[in-house]
Amino acid sequence: MANNTVKAAPKKNSQAKEVWRRFKKNKLAVAGLVIIFILIIAAILAPVIAPYGYDDQDYSATLIRFSKEHLLGTDNLGRDILSRLLYGSRVSLTIGFISVGIGLVIGGLVGAISGYYGGVLDDILMRIVDIIMAIPSIILAISICAALGPGLINTMIAVGISSIPNYARILRSSILSIKQQEFVEAATAIGASDARIIAKHIIPNSLSGLIVQASMGVGRAIISAASMSFVGLGIQPPNPEWGAMLSFGRTYFRDYGYMVLYPGLFIFIAVLSMNLIGDGLRDALDPRLKR
């Protein structure tokens, strides 16, 4: 007797699971993700795991390179460097992620409007973007911060505004190719509003390039914030931030190089990790690299 049992077809993985499956094959990208996760956890738990407060001063233990009480040494005010690095990760990572969010939202909105409507509006918006792009991003960020004044919020605004053109250009170029697709024409034919078409159909199909750009943009934002703090326009003392710690330690670089080595190493590790994540996401989100 024939077996009439029909086997169910294997369920296809969702797109997110498929992206994660391809991402996991890139060991360097996974390592970068783990490092960033550790830094985020350390930033969140800094008040718990830091052995001292970030501004606790002990003048009997100044400029110590290493001890059981101060694993990474102390600065000229007797402040524990490990504690300041942990608290500094809260500031540096916050600036990195929030400033990218500012640039992503504003730049994505500009790029979406410009690419979808085209015409004169596209010309006006893109010429404004071209003017902003003509100014080096770090110079623009420093100029904005100098006008607004130093501080955490102003630093995030300055770095975010300087990154707007990158996201606007990327989303605009994606929309120019996507808006001619059949599903967009079908949505237009059934009377969907422009806002719904952009939000529900065009932007979701343009996210891959933005995600990769944003992941790498976090590293660039951390460097930009550190650069502004280094020249005195970013985070102000005694608040800890990796770039501010570099600036503070440069006076003692010749005799106490560890004061700039550790914050520089943290910046290097964070930026490298975000770049590795960006490379992994680029490969995982590329439909031509299905494996």
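Here are the numbers for the structure shown:
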quantity: Dipole-positive endmost among ASN166, SER193, MET228 within region 140-286 (Cβ charges, Cα centre); calculated: MET228
quantity: Positive dipole terminus of the chain, leading residue within TYR59, MET259, ALA147 (C-beta point charges); calculated: MET259
quantity: Binned Cα-Cα distance frequencies in region 194-266 - 5 Å width, integer %; calculated: 4, 15, 17, 15, 11, 8, 7, 8, 7, 5, 3, 1, 0
quantity: About the Cα centre, charge dipole magnitude for region 173-263 (Lys/Arg +1, Asp/Glu -1 at Cβ), debye; calculated: 140 debye
quantity: The chain, dipole about Cα centre (Lys/Arg Cβ +1, Asp/Glu Cβ -1), debye to the nearest 20; calculated: 1340 debye
quantity: In sequence order, calculated HN-Hα J values of region 214-220 (Karplus, 6.51, -1.76, 1.60; Hz; x Gly/Pro); calculated: 5, 4, 6, x, 4, x, 5
quantity: Karplus-derived 3J(HN,Hα), 6.51/-1.76/1.60, for each residue of region 79-85, Hz, glycine and proline x; calculated: 8, 5, 6, 4, 4, 5, 5
quantity: Which of LYS200, LYS179 has the fewest Cβ neighbours within 10 Å, and the rest in rising order; calculated: LYS200, LYS179
quantity: Label assignment, Kirkwood radius over Cα pairs in Å derived from the structure, set (1) 19.2; (2) 21.5; (3) 20.1; calculated: (2)
quantity: Neighbour-count order for SER137, SER83, fewest beta carbons within 10 angstrom listed first; calculated: SER137, SER83
quantity: Rounded Å value of the spacing that divides the Cα centres of region 148-187 and region 62-139; calculated: 16 Å
quantity: Fewest-first ranking of SER177, SER229, using other Cβ atoms within 10 Å as the exposure measure; calculated: SER177, SER229
quantity: Stretch gain in nm, segment SER193-LYS68, where the contour uses 0.36 nm per residue and the Cα spacing is subtracted; calculated: 38.5 nm
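A short reminder: the numbers here are calculations on the coordinates, not readings from a lab. Not measured: the values here are computed from a predicted model. With ideal geometry, Cβ positions are generated from the backbone for all residues, glycine too; neighbour counts draw on all protein chains shown.
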